[in-house]
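A short worksheet on the structure shown next.
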Amino acid sequence: MKVTYDRYPELQQFLKTFVEYMATSLSARSVILYGGLTLDDFSKRYSDIDIVVVLERGLWENDFNLIDEIVSRLEKLNKELANLLFIHFIPYPLIENPRVAYSDIEGMIVRNLEQELINQYPFSSIDDFMIRNKSELLFGDDIRDKFPHPPMECFWIKFLEDIPYFEKAAKQYPFQPATSPKYNVAINWILYFSRMLYSLKNNDVIGKLKGAYWFSNEYFGKIGDFVVEIAKCRQRNISLANVMNVVENSRELFLFSIKTAFQIKNIHVPDLNNLLKIESQTANFTRIFMEIRNIVENIRKAS
């Protein structure tokens, strides 16, 4: 995390103050940092500050007021960083019994200063992998090994689970032209695919910038150069406005990554580019996802 702290020196003090509030006000059992920060891959423009606060018990009515007060104090300390907070307040019983929905134990998620109550363990197996293997203990008991063990094939499972989101994303920028492009969302989507392939090949997690350079070395050529160019935009906190051919290159990366993901598991995939239909400037991915759904169905039947 040294690179991140050197780049954003105010961040270290902000986290120190956060921990002090958790320790003195909520009597947190453990405070754990994970995500882009611990991968030294943090960007003020494109990242969250992912924190797990483990509580000995569920939240009580007075705790809600305390959380409101803490968030307000953090916002006054540094509004920009406070708006990046993605905090999970997790009562320890939810970690012990992640499949149970409790009626008498509540935790909370705070993201972009918005609050949501939870009564069941909220993390995916990839989050579990990150917390167990790629996190940093900021305070309290080191209970990272108490979080659920992710399955051996967690990255492959996540890829299959994400296919409906890919289909939804294929109808939006950066895979389609847009009059009001959402550049922040686009950058993270584009860099998702290089990290996805890294994880499938190595059963591990890597930061977005390192993932882009890995991809460029692994799959040398125009599409690798494009991914690195996008990663540099993220690193410099600038938008995609000056990057040429974002839509076309994103489509190529998108299809290449999906096909390669299956090939990593020795699953044959036809040339998806031949199934892509361009209508005016808009790309129709319907036939592609029909083929992908058939492949996934065959995988499920065989398992």
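Checking the condition crowded, with 20+ Cβ neighbours inside 10 Å, touching a Gly at 6+ places or on another chain (Cβ under 6 Å), among the β-branched types (Val, Ile, Thr) and without any contact (Cβ under 8 Å) to a residue 60 or more places away in the chain, which residue from 49, 90 passes? Lay out the reasoning, then the answer.
On the way: 49 fails: touching a Gly at 6+ places or on another chain (Cβ under 6 Å).
The conditions single out 90.
Of the residues making up region 248-268, those that are under 20 Å from residue 212 (Cβ atoms) and of a type in the set (Val, Ile, Thr) are 258, 260, 264.
Assess whether residue 204 counts as being surrounded by fewer than 16 Cβ atoms within 10 Å (Cβ to Cβ) and part of a helix (DSSP H, G or I). Give the derivation first.
Values: surrounded by fewer than 16 Cβ atoms within 10 Å (Cβ to Cβ): yes; part of a helix (DSSP H, G or I): no.
Spelling it out, it is not the case that residue 204 is surrounded by fewer than 16 Cβ atoms within 10 Å (Cβ to Cβ) and part of a helix (DSSP H, G or I).
Mind checking whether some residue in region 184-202 is over 20 Å from residue 264 (Cα atoms) and over 14 Å from the mean Cα position of the chain (by Cα)? Within region 184-202, not a single residue is over 20 Å from residue 264 (Cα atoms) and over 14 Å from the mean Cα position of the chain (by Cα).
In region 228-241, the residues that are in contact (Cβ under 8 Å) with a residue 40 or more places away in the chain and within 16 Å of residue 193 (Cβ to Cβ) form Cβ pairs under 9 Å with partners that are of a type in the set (A, V, I, L, M, F, W, C) and in a loop (DSSP other than H, G, I, E, B), at six or more places apart or across chains, as follows: 230/240; 230/243; 233/240; 233/243. Of all residues in region 168-191, those that are closer than 20 Å to residue 211 by Cα and assigned to a loop (DSSP other than H, G, I, E, B) total 1. Restricting attention to region 159-193, the residues that are touching a residue at least 40 places away in the same chain (Cβ under 8 Å) and among the charged types (D, E, K, R) add up to 2.
Read the figures in this text as sums done on the coordinates, not as results from a lab. The shown structure was predicted, so the numbers you read here are calculated from the model rather than taken from an experiment. Counting neighbours? That spans all protein chains shown, and the Cβs are built from the backbone with ideal geometry, glycine included.
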